[in-house]
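Novice: First, the structure itself, so that you have it in front of you.
The values are calculated or read from the model by the stated rules, or taken from the named source; none is laboratory data. Note that this is a predicted model, so its numbers are computed, not measured. Don't worry about glycine lacking a Cβ; one is built from the backbone with ideal geometry, like all the others, and counts go over all protein chains shown.
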Amino acid sequence: MTETHGRMTIVAAPGAPAGTFTIGGSIDETADLHQLPGRAAAGRLALDLAGVAFINSLGVRDWIRMQAVAQASGLVVELHRVSEPLVHQLNMIVATRGNATVTSFYAPYACDACGREETVLIDAIAHHDRLMRLDPPLFPCAECGASMAFNDFPERYFSFLAP
Amino acid sequence: MPPAILIVHPDRKTQRIVQRILGSTGFAVEVTGDPVTATALLATLEPVLVVVDGALLGPDAAALFATAHARGVEACVTLRADDAGTQVPSVLDSGAITNLLVHPMPVLGEELTITALKLIRGDLFGAEKYLLWGTPLEAVTLTRASERASIVAALAAAVKARGQAARVAQMAQLVADELLSNAVHNAPVDAAGVHYRADVARDVEIELDAPHQVELRWGCDARYLAIEVRDRFGSLGRDTILGALGKQAVRETGSGAGMGIALAYRSCDHLVFNLAPGTRTEIIALIDVRHPPTERGAASSYNIFVDRPRQGAS
């Protein structure tokens, strides 16, 4: 069942472990995101963030409050499929990172052969060592099959992964 | 004799190039290689603008900026993009530099010329100055506070519909949202200087009468996507801006998060403030749509222009 909080949606993913939620839409002054830690289960809160299309400064404040409540409650917070707008905020404002673990995130890629640009999901655990070396994995271009390369400054885009 | 521009750059070849760029506009251009000489020259040349290369930043340059500020001379720092990531924080911390141009090549022509022209002519307002001639600007007026979300979502959709990358649309949405929110809630000020809407919750509906309405204009010339937001109060000050650009921490209390200007600055390539105290504030965000992120600078440019009555103006 989809809950609507202003312009943000929350879905308790069917079949997923309790405390797992899919967040979508816009995180802004209407979101009430800081209520989520109260719905964690077995000390764990897992968020699928692929559908977050927008977050503004008030959404960032709500996000930081959510992280603070989770941290104070001793929760393990997992962030899955973190969308690009959220990655930008994780990079710009250190406090947004809290104690959360990012398991996967989206990143901009471009094909040098045909010019296609795409947002690609990166498994942060499988590629941990490469990402720490600022050497992101290559992916095949869906259009021409050539190799797509990461399309941003690694030291800037992956700074949120720094321990 | 036209007003003078003083260029302070350590490299003689670059001095000549910048001298040609700015000299071609008809202004008298003087050059020197160090800030100490430049400080001495301020007394005799009385320039309108002093342009200082970022490689010279330090105590002598700080003294130059202080002298320029005291004499009402605008100062502009130019930084090479390669150095900007490390130098911009100290530029922002100084709180004294009102114009910073970050550029990918040794010399930046267009932005420097626009900066000089705006200052010398005293003609500050309008995003048109940053776009190719004839570029149309879409305009919308915010008449209710709640329209902000739909307007910025429509802007992002329109940018995408014109073939721009999702990244550009996301940046445009964030920049427009923060600037509109500031204009609706932080700009209104009464005769006593009280910002009477600053503590109104951002999700509370407010009908905006004519003085409180906010104008958004945007356009793209395939070089820049320009987003312009204008209020009719002119309450945003130079020192407030300089304190806000480098902010890292979100405000815990109050209705605003206190990060709007900082997020807008970091989400665009160039943020321009045109200030007419007591009359209007116009902020223009420029997002470079030509280059992939890897070819953009590690930091962004900014200008703070203050409208001043011209000498001899009636």
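Novice: Which of the following residues is within 30 Å of B:Glu205 (Cβ to Cβ), out of contact with any Cys (no Cβ under 8 Å at 6 or more places or on another chain) and among the polar types (S, T, N, Q): B:Thr67, B:Thr143?
Specialist: Going through B:Thr67, B:Thr143 in turn, the sole match is B:Thr143.
Novice: Suppose we keep only residues that are of a type in the set (Val, Ile, Thr) and surrounded by fewer than 18 Cβ atoms within 10 Å (Cβ to Cβ) within the range B:238-254. Which one would you say is farthest from B:Val272 (Cα to Cα)?
Specialist: Across the range B:238-254, the extreme among qualifying residues is B:Thr253.
Novice: Quick check on the range B:199-218. Is at least one of its residues surrounded by 23 or more Cβ atoms within 10 Å (Cβ to Cβ), within 14 Å of chain A (Cβ to nearest Cβ), closer than 22 Å to B:Ala127 by Cβ and in contact with an Asp or Glu (Cβ under 7 Å, 6 or more places away or on another chain)?
Specialist: no
Novice: Exactly one of these conditions fails for B:Arg162: (1) closer than 29 Å to A:Ala110 by Cα; (2) surrounded by fewer than 19 Cβ atoms within 10 Å (Cβ to Cβ); (3) within 14 Å of chain A (Cβ to nearest Cβ). Give me its number.
Specialist: Condition (3) is where B:Arg162 drops out.
Novice: Could we say that A:Glu29 is within 11 Å of another protein chain (Cβ to nearest Cβ) and either within 16 Å of the chain's Cα centre (by Cα) or touching a residue at least 24 places away in the same chain (Cβ under 8 Å) (or both) here? Full working, then the answer.
Specialist: Details: within 11 Å of another protein chain (Cβ to nearest Cβ): yes; either within 16 Å of the chain's Cα centre (by Cα) or touching a residue at least 24 places away in the same chain (Cβ under 8 Å) (or both): yes.
So A:Glu29 passes the test.
Novice: Can you pull out every residue in the range B:16-55 that is surrounded by fewer than 22 Cβ atoms within 10 Å (Cβ to Cβ), hydrophobic (A, V, I, L, M, F, W, C) and at pLDDT 90 or above?
Specialist: Of everything in the range B:16-55, those that are surrounded by fewer than 22 Cβ atoms within 10 Å (Cβ to Cβ), hydrophobic (A, V, I, L, M, F, W, C) and at pLDDT 90 or above turn out to be B:Val31, B:Val36, B:Ala40, B:Leu41, B:Leu42.
Novice: Now for a different question. Any residue that is of a type outside the set (D, E, K, R) and in a helix (DSSP H, G or I) - is there at least one of those in the range B:95-109?
Specialist: No, there is no match, as no residue in the range B:95-109 is of a type outside the set (D, E, K, R) and in a helix (DSSP H, G or I).
Novice: Suppose we filter the range A:1-51 for residues that are buried (at least 18 other Cβ atoms within 10 Å of the Cβ), farther than 23 Å from B:Ala176 by Cβ and of a type in the set (Asp, Glu); how many remain?
Specialist: Selection size over the range A:1-51: 1.
Novice: Suppose the filter is at positive phi and part of a strand (DSSP E or B); does A:Gly15 pass it?
Specialist: On the way: at positive phi: yes; part of a strand (DSSP E or B): no.
In short, no.
Novice: Could you check how many residues of the range A:92-113 are closer than 28 Å to A:Ala146 by Cβ and within 13 Å of another protein chain (Cβ to nearest Cβ)?
Specialist: Matching residues across the range A:92-113 total 7.
Novice: Kindly indicate whether B:Val194 is β-branched (Val, Ile, Thr), surrounded by 24 or more Cβ atoms within 10 Å (Cβ to Cβ) and either within 10 Å of chain A (Cβ to nearest Cβ) or over 24 Å from the mean Cα position of the chain (by Cα) (or both). Walk me through it before giving the result.
Specialist: Details: β-branched (Val, Ile, Thr): yes; surrounded by 24 or more Cβ atoms within 10 Å (Cβ to Cβ): no; either within 10 Å of chain A (Cβ to nearest Cβ) or over 24 Å from the mean Cα position of the chain (by Cα) (or both): yes.
Answer is no for this residue.
Novice: Would the range B:127-140 turn up any residue that is under 18 Å from A:Ile27 (Cα atoms) and part of a loop (DSSP other than H, G, I, E, B)? So that I can check it myself, show each step before the final result.
Specialist: Taking the range B:127-140 and keeping what is under 18 Å from A:Ile27 (Cα atoms), we get none.
No.
Novice: Need the failing condition index for A:Ser147 against (1) polar (S, T, N, Q); (2) farther than 25 Å from A:Pro17 by Cα; (3) loosely packed, with under 14 Cβ neighbours inside 10 Å; (4) within 18 Å of the chain's Cα centre (by Cα), just the number.
Specialist: Going through (1) polar (S, T, N, Q); (2) farther than 25 Å from A:Pro17 by Cα; (3) loosely packed, with under 14 Cβ neighbours inside 10 Å; (4) within 18 Å of the chain's Cα centre (by Cα) one by one, A:Ser147 breaks only (4).
Novice: Suppose we keep only residues that are more than 8 Å from chain A (Cβ to nearest Cβ) and assigned to a loop (DSSP other than H, G, I, E, B) within the range B:240-259. Which one would you say is nearest to B:Ser301 (Cα to Cα)?
Specialist: Let us first name the residues in the range B:240-259 that are more than 8 Å from chain A (Cβ to nearest Cβ), namely B:240-247, B:253-255.
Retained after the next criterion (residues that are assigned to a loop (DSSP other than H, G, I, E, B)): B:246-247, B:253-255.
On the way: B:Gly246: 12, B:Lys247: 16, B:Thr253: 30, B:Gly254: 29, B:Ser255: 28 Å.
Once the filter is applied, the top-ranked residue is B:Gly246.
Novice: Collect the residues in the range A:51-81 that are in a loop (DSSP other than H, G, I, E, B) and within 9 Å of chain B (Cβ to nearest Cβ), keeping them in residue-number order.
Specialist: Answer for the range A:51-81, where residues must be in a loop (DSSP other than H, G, I, E, B) and within 9 Å of chain B (Cβ to nearest Cβ): just A:Asn56.
Novice: For the range A:116-163, give me the residue count where each residue is away from chain B (no Cβ under 14 Å) and in a loop (DSSP other than H, G, I, E, B).
Specialist: Adding up the residues that qualify gives 16.
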